[in-house]
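Participant: Quick one: the structure is below, questions incoming.
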Amino acid sequence: MVSGLLRQAVTGSGRRRFLERACAAVLASSGCARSAEPAGGRLSASPGNYREALRSLRAGDVLALAAGEYNRGLPLHELVGTHDQPIVIEGPTGPGRAVFTARPGAHTVSLLDSAHLVVRNLVLDGRGVPVDGVRAEGHARWAHHVTLERLTVVNHGAAQQNSGISTKCPAWGWVVRGNTIVGAGTGMYFGDSDGSDPFFDSLIEANRIVDPVGYGIQVKHQHARPELAVAGEAANTVIRRNVIVKSRVATSPEMARPSLLVGHFPLAGPGAWDRYLVHGNLLIDNPSEALFQGEGNIALYNNLFFNPRGEGVRIQPHNHLPREVAVFNNTIVAAALGIEFSGGEEGYVRTFEHNLVYGNPPVRSDVPGENATGAYDKARGAFARLDADPARLDLMPRTMLRRPSSRIGDEWLALPGAGSDRIGRPRIRPAFGACGDGGAGNRACR
């Protein structure tokens, strides 16, 4: 249904023809090629000539795509911008959209040995074809400093292995922001199953992923970093303010997947002290697995987890072990286990403080800490509204909670977003959960 409406929007009565901007040199065969023009130009292209325009792009160029249906894919191969002059490819933002339709045997947006690219305002319609919406190809050497913004990805659920966005080569410096992915086999899959293609030093922010078959977002474990990307300091991979709603039951028990999973960074050498900062996310419903699972180095804070049919959070061994992990100021409400925190590697500090957890049971942990807990059957009376609809859910506590007597370490409270609660109020005193002290008169926490 979503795909049909999108196609109507770009091919029906509202469709407009865009006049193409003149190129520096116009060739009869392409309509939009150029020879000698300084970097930083703006070009326009349509479904008929965009492939030729792609080949002419240089650092600083902006390629504006007209509304219409594009059925020959978007190959972004050996396109390299710079930090100050990325190459930008964008669709229109009005009622007419640039819609890229899937074709058998080729991923719709294909990245190969490209860097400093921005791709935004496109619709990717998989039409049930078993391909990915965006794929950094497995035969690429790398794809780094890629920004994907405001993409709408639909109908990529032919199989659980088909992803809305996927990387299968070393990838770093990515910004994946403000995208909507509906009904994919896997929403986002970063890295490869054997740990050989690391994804790191990136930002995954403000995306909305609805009804994936498997993972909403997965970042795979990784063994080593490519020499090109080795830096002197530890880096953070930030996953914040995303919404994942996963209502489908797994096709079989062995195919069940968490809504969000993060694997470990390299166990030694460059990247060993990298960290995930996972904060401000809203994860709702997963009838077959936990909402969140992680290992390695993680700061998990100010998140809302509501699973009316299953488990909440698991910090546990997967491909290796939890290392330095801090879990604080989360609100977790789960019909089954609220949170498991177990199996950490010796020699690393773990923190488990000031979470508000309702479950059955609420907590099973090797790590001590002061947390407020309750049974799941009491949760409906404890929060403003429990609802699997993100627009109706409100995890603000109904009554004022007691204050914790323990303190969270300053190094954790100094992390981005940790100084405020989920709805942006400064944390002037310790409190349980993501939503502050609770009580009447507070705005909704969702």
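The values are calculated or read from the model by the stated rules, or taken from the named source; none is laboratory data. Source: prediction; values computed, not measured. With ideal geometry, Cβ positions are generated from the backbone for all residues, glycine too; neighbour counts draw on all protein chains shown.
Participant: With over 23 Å from the mean Cα position of the chain (by Cα), of a type in the set (A, V, I, L, M, F, W, C) and closer than 21 Å to Thr167 by Cβ as the only criterion, which of Leu79, Leu117, Leu65 stands out? Please lay out each step first, then the result.
Facilitator: Numbers: Leu117 fails: over 23 Å from the mean Cα position of the chain (by Cα); Leu65 fails: closer than 21 Å to Thr167 by Cβ.
Only one candidate passes the filter, namely Leu79.
Participant: Let me confirm something: among Arg141, Arg135, which residue is surrounded by fewer than 19 Cβ atoms within 10 Å (Cβ to Cβ), in contact with a strand residue (DSSP E or B) (Cβ under 9 Å, 6 or more places away or on another chain) and either in a strand (DSSP E or B) or touching a residue at least 24 places away in the same chain (Cβ under 8 Å) (or both)?
Facilitator: Every option except Arg141 fails the conditions.
Participant: List, please: which pairs have Cβ atoms under 7 Å, are six or more places apart or on different chains, and start with a residue in the stretch 65-82 that is in contact (Cβ under 8 Å) with a residue 60 or more places away in the chain and under 13 Å from Leu124 (Cβ atoms) and end with one that is of a type in the set (S, T, N, Q) and surrounded by fewer than 22 Cβ atoms within 10 Å (Cβ to Cβ)?
Facilitator: Between residues of the stretch 65-82 that are in contact (Cβ under 8 Å) with a residue 60 or more places away in the chain and under 13 Å from Leu124 (Cβ atoms) and residues that are of a type in the set (S, T, N, Q) and surrounded by fewer than 22 Cβ atoms within 10 Å (Cβ to Cβ), the close pairs are Glu69/Thr11; Glu69/Thr101.
Participant: It is to be established whether one or more residues within the stretch 398-412 are in a loop (DSSP other than H, G, I, E, B) and over 23 Å from Arg429 (Cβ atoms).
Facilitator: Start the filter on the stretch 398-412 by keeping residues that are in a loop (DSSP other than H, G, I, E, B), which leaves 398-409.
Checking the rest, the ones that are also over 23 Å from Arg429 (Cβ atoms) come to none.
Scanning the stretch 398-412 turns up no residue that is in a loop (DSSP other than H, G, I, E, B) and over 23 Å from Arg429 (Cβ atoms).
Participant: Now for a separate question. Can you confirm whether Ala336 is part of a loop (DSSP other than H, G, I, E, B), at pLDDT 95 or above and among the aliphatic types (A, V, I, L, M)?
Facilitator: Details: part of a loop (DSSP other than H, G, I, E, B): yes; at pLDDT 95 or above: yes; among the aliphatic types (A, V, I, L, M): yes.
The answer is yes for Ala336.
Participant: Residue by residue through the stretch 291-325, note down the ones that are among the small types (Gly, Ala, Ser), buried (at least 22 other Cβ atoms within 10 Å of the Cβ) and more than 17 Å from the chain's Cα centre (by Cα). Working first, answer last.
Facilitator: Residues of the stretch 291-325 that are among the small types (Gly, Ala, Ser), as a first pass: 294, 296, 299, 310, 312.
Of the ones still in play, those that are also buried (at least 22 other Cβ atoms within 10 Å of the Cβ) are 294, 296, 299, 312.
Answer for the stretch 291-325, where residues must be among the small types (Gly, Ala, Ser), buried (at least 22 other Cβ atoms within 10 Å of the Cβ) and more than 17 Å from the chain's Cα centre (by Cα): Gly296, Gly312.
Participant: Taking Ala268 as meeting all but one of (1) hydrophobic (A, V, I, L, M, F, W, C); (2) more than 18 Å from Val363 (Cα to Cα); (3) surrounded by 21 or more Cβ atoms within 10 Å (Cβ to Cβ), write down the number of the exception.
Facilitator: Result: Ala268 passes all but (3).
Participant: Go through the stretch 290-306 residue by residue and tally those that are closer than 17 Å to Pro397 by Cβ, among the aromatic types (Phe, Trp, Tyr) and either free of Cβ contacts under 8 Å to residues at least 40 places away in the same chain or not in a strand (DSSP E or B) (or both). Write out each step before concluding.
Facilitator: Taking the stretch 290-306 first, the residues closer than 17 Å to Pro397 by Cβ are 302-306.
From the residues that got through so far, the ones that are among the aromatic types (Phe, Trp, Tyr) too are 305-306.
Filter once more, keeping what is either free of Cβ contacts under 8 Å to residues at least 40 places away in the same chain or not in a strand (DSSP E or B) (or both): 305.
The qualifying residues number 1.
Participant: Separate question: Residues in the stretch 190-202: is at least one under 30 Å from Gly96 (Cα atoms) and either over 13 Å from the mean Cα position of the chain (by Cα) or at pLDDT 95 or above (or both)? First the steps, then the outcome.
Facilitator: As a first pass, look at the stretch 190-202 and keep what is under 30 Å from Gly96 (Cα atoms): none.
Within the stretch 190-202 (the criterion being under 30 Å from Gly96 (Cα atoms) and either over 13 Å from the mean Cα position of the chain (by Cα) or at pLDDT 95 or above (or both)), the answer is no, since none of the residues qualifies.
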